[in-house]
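Input: a single structure, listed below in structure tokens.
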């Protein structure tokens, strides 16, 4: 082997070693959270996130129990994606969370809000988090049944766009529509709010993304 060939071989070896090392470092421990706390997540959403009432607990509480993380509940009954966009900057500043869990869209559908407007609001939440070095995790909205079944088509339309948005922004996706699998036994009698079993599905689904 001549001198040039030996040099090229050595360079290729070094490049391969660096590639392997970087691949190992990128296995989950090298994420840059900036000044944020990777052990803190904030759950943003409507009454499905804030849910108490007759339920044993909320999904953020279940998620905290299963992951050992601090999960702050910023759910508000009746909230829309616009409400989430309005408060994302405050949440990022107040809590400095490593993760933002996003579950909006049900009330947008019920109130016949513009689909493009809903996606624009969700995009703003995602990009605000990413610019803050907070990891956004967005969920598709849960199906609607019984008295709310008239909105089932609308939820499917929103969810198709949420999946597209996650792909476009590189945001982690939790597909609750698929996780619920059309199982009406996960819902309270109103067909909108998950019961305790449904909340466990939501918590477990988000846990898989953290």
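In what order do 206, 151 fall by count of nearby beta-carbon atoms within 10 Å, going from fewest to most?
On the way: 206 27, 151 20.
Listed from fewest to most nearby Cβ atoms, that is 151, 206.
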Sequence of 42, 135 once ranked by neighbouring C-beta atoms within 10 Å, starting from the fewest: 135, 42
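Semi-axes of the equivalent ellipsoid of segment 34-207: what are they in whole Å, largest first, if each equals the square root of 5 times a C-alpha gyration tensor eigenvalue? Before the final figure, lay out each step's value.
Numbers: eigenvalues 109, 72, 36 Å².
Sorted largest first and rounded, they come to 23, 19, 13 Å.
How much length is gained if the chain between residue 146 and residue 66 is pulled fully straight, taking 0.36 nm per residue apart and subtracting their Cα-Cα distance, in nm to one decimal?
Values: separation 80, 0.36 × 80 = 28.80 nm, distance 3.09 nm.
Extending this stretch completely gives an extra 25.7 nm.
Could you work out how much longer the chain between residue 183 and residue 168 gets when fully extended? Use 0.36 nm per residue separation minus the Cα distance between them, nm to one decimal. Working shown, then result.
Numbers: separation 15, 0.36 × 15 = 5.40 nm, distance 2.94 nm.
Here the segment from residue 183 to residue 168 would lengthen by 2.5 nm.
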Residues 83, 46, sorted so that the one with the fewest Cβ neighbours within 10 Å comes first: 83, 46
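Rule-based calculations on the coordinates, nothing more; no lab input. Being a predicted model, the structure only gives us computed values, none of them experimental. Cβ sites come from the backbone with ideal geometry, for glycine too, and all protein chains shown count toward neighbours.
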